[in-house]
Amino acid sequence: MKSSSFLVLFLGCLCTAFAHLEPTYYLQGTIGSRQVGVQIDHFQEAVYLKYFYQDEKLNHFFKGKFDSTQFHFESAKELKDKHTQSILIKHLPDGKWEGQLIGGADTLNIQLKPIVESKVNHQYESQELLKTLNLYGYLRTSNLKFEEVEVSRHKGFRLIWLREPVSGITAFRISDPKNAVSTAAINKKLQTLHILEVESFLECGTLGFVGSYGVEFVIHFLNDNYVSYEKITQSSCFSQKNNKESEFVTLNIISAQVLTLEDIVYLGEGTAPRPNSSDWFSYRRNVFGSAIVDILKRCYPEKFTSITPCDYNISQAWQQPIWHLKDKGIYMGAVFPGVKRSCNNPEWSVIPYKEIKKYFVAAPIR
């Protein structure tokens, strides 16, 4: 199972000279009477712990040391009353863990055991969650709640917007009022993607200092076969400056498969090559880029004159475009290196479907 833990990534950069003495421990149990999930990372010269209360979800970070008999942790962030919390915890021979959380005059008993994937009663279980999240994140997302906040319409479909209250992240599901299209698979996929965004929010921060993580979804195209949307993320998670990124995603409505451009249109001979293979790079370099220039020249000849500030005749700029579906056609965003980046992603570069319909390898769009 791959870990998506931002803390682990942070520690990987911070502690490149350290080697794990022990595996990462993923635990669940109680602190006092409250249900918790716990992760412990053990390095040569440092030990880190984080935990969440299952009814709150947010991380509590601790750092400390190991003295060969037990772990000693102190809270990584000073509390408002200037007191710090500490944790003393032992790994018992039977595999269980026990200890105490000490904060001011209060002491709470800790009882933990390893998280077992098959015994996590995850309400939204999916193979993608199992592959993407570590056990800590998988446990934490097992009982998320979603509340309906809005219903909108797009091209005959109903869009149901659901909000997860802890993170505030709102994402859509699709409903076909005519029941002509099965939306079960696509909504399972959208649910999984929503959960992963919530977990990204919950992991945003460094050793207890809260970061910011927000996501907006903008739908650009929706019909019986495809949904194409933009995910706009603004984040500042590891003492980094605020970062804004856009990602375009196109899904098959029936299968919920994430589609590549070659899943939809292929301008070469025979079968489309596997993405990022040597044949794919050869196709993009020798066939695709120049073909896109030719098509766009026919559609927008005024954009390819010598008086324009950007030279869109350069086929390299179109070999790996930013793309998505729109109502009027397939948007292809040119990508220039270095100082020419101001020429990236022109607003006009939409190829009408009628101009590229003969290259469709999937359900065509009229």
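Name the residues in the range 247-303 that are loosely packed, with under 14 Cβ neighbours inside 10 Å and either outside the structural domain of V335 (by TED's automatic domain parsing) or among the β-branched types (V, I, T) (or both), would you?
E247, S255, V258, T271
With the requirement that a residue be in contact with a helix residue (DSSP H, G or I) (Cβ under 8 Å, 6 or more places away or on another chain) and of a type outside the set (S, T, Y), what does the range 190-206 give you?
I195, L196, V198, E199, L202, E203, C204, G205 - these are the residues of the range 190-206 that are in contact with a helix residue (DSSP H, G or I) (Cβ under 8 Å, 6 or more places away or on another chain) and of a type outside the set (S, T, Y).
Do we have any residue at all in the range 190-208 that's in contact with a strand residue (DSSP E or B) (Cβ under 7 Å, 6 or more places away or on another chain) and part of a strand (DSSP E or B)?
no
Inspect all residues belonging to the range 252-268 and state whether any of them is over 30 Å from H60 (Cβ atoms), aromatic (F, W, Y) and not in a strand (DSSP E or B).
Taking every residue of the range 252-268 in turn, at least one turns out to be over 30 Å from H60 (Cβ atoms), aromatic (F, W, Y) and not in a strand (DSSP E or B).
One line per residue, one yes/no per condition, for (1) farther than 26 Å from D224 by Cβ; (2) at pLDDT 95 or above; (3) not aromatic (F, W, Y):
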| site | (1), (2), (3) |
| --- | --- |
| G289 | yes, yes, yes |
| K297 | yes, yes, yes |
| Y300 | yes, yes, no |
| F304 | yes, no, no |
| P321 | no, yes, yes |
| G338 | yes, no, yes |
| R341 | yes, no, yes |
| K354 | no, yes, yes |
| A363 | no, no, yes |
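Can you find a residue in the range 204-218 that is on the phi > 0 side of the Ramachandran plot, of a type outside the set (D, E) and exposed (fewer than 14 other Cβ atoms within 10 Å of the Cβ)?
no
What strands (runs of 3 or more DSSP E) completely inside the range 82-186 contain at least 1 residues that are at pLDDT 95 or above and in the same structural domain as L196 (by TED's automatic domain parsing)?
Filter on the range 82-186 gives 147-154, 157-163, 170-175.
Within the range 323-356, track down each residue that is touching a Cys at 6+ places or on another chain (Cβ under 7 Å), surrounded by fewer than 20 Cβ atoms within 10 Å (Cβ to Cβ) and part of a strand (DSSP E or B).
The one that is touching a Cys at 6+ places or on another chain (Cβ under 7 Å), surrounded by fewer than 20 Cβ atoms within 10 Å (Cβ to Cβ) and part of a strand (DSSP E or B): P352.
Residues E128, E98: which one is under 30 Å from A256 (Cβ atoms) and either small (G, A, S) or touching a residue at least 12 places away in the same chain (Cβ under 8 Å) (or both)?
Answer to the selection: E128.
On the basis of being out of contact with any Cys (no Cβ under 7 Å at 6 or more places or on another chain), surrounded by 13 or more Cβ atoms within 10 Å (Cβ to Cβ) and assigned to a helix (DSSP H, G or I), does Q320 make the cut?
Spelling it out, it is not the case that Q320 is out of contact with any Cys (no Cβ under 7 Å at 6 or more places or on another chain), surrounded by 13 or more Cβ atoms within 10 Å (Cβ to Cβ) and assigned to a helix (DSSP H, G or I).
For the range 249-265, check the following and say yes or no: at least one residue is under 17 Å from the mean Cα position of the chain (by Cα), modelled with pLDDT of 95 or more and more than 18 Å from L196 (Cα to Cα).
Looking for residues that are under 17 Å from the mean Cα position of the chain (by Cα), modelled with pLDDT of 95 or more and more than 18 Å from L196 (Cα to Cα), one finds at least one in the range 249-265, hence yes.
The values are calculated or read from the model by the stated rules, or taken from the named source; none is laboratory data. Fair warning: this is a prediction, and the values are worked out from it, not measured in the lab. Quick reminder, even Gly has a Cβ in these numbers, built from the backbone with ideal geometry, and neighbours come from all protein chains shown.
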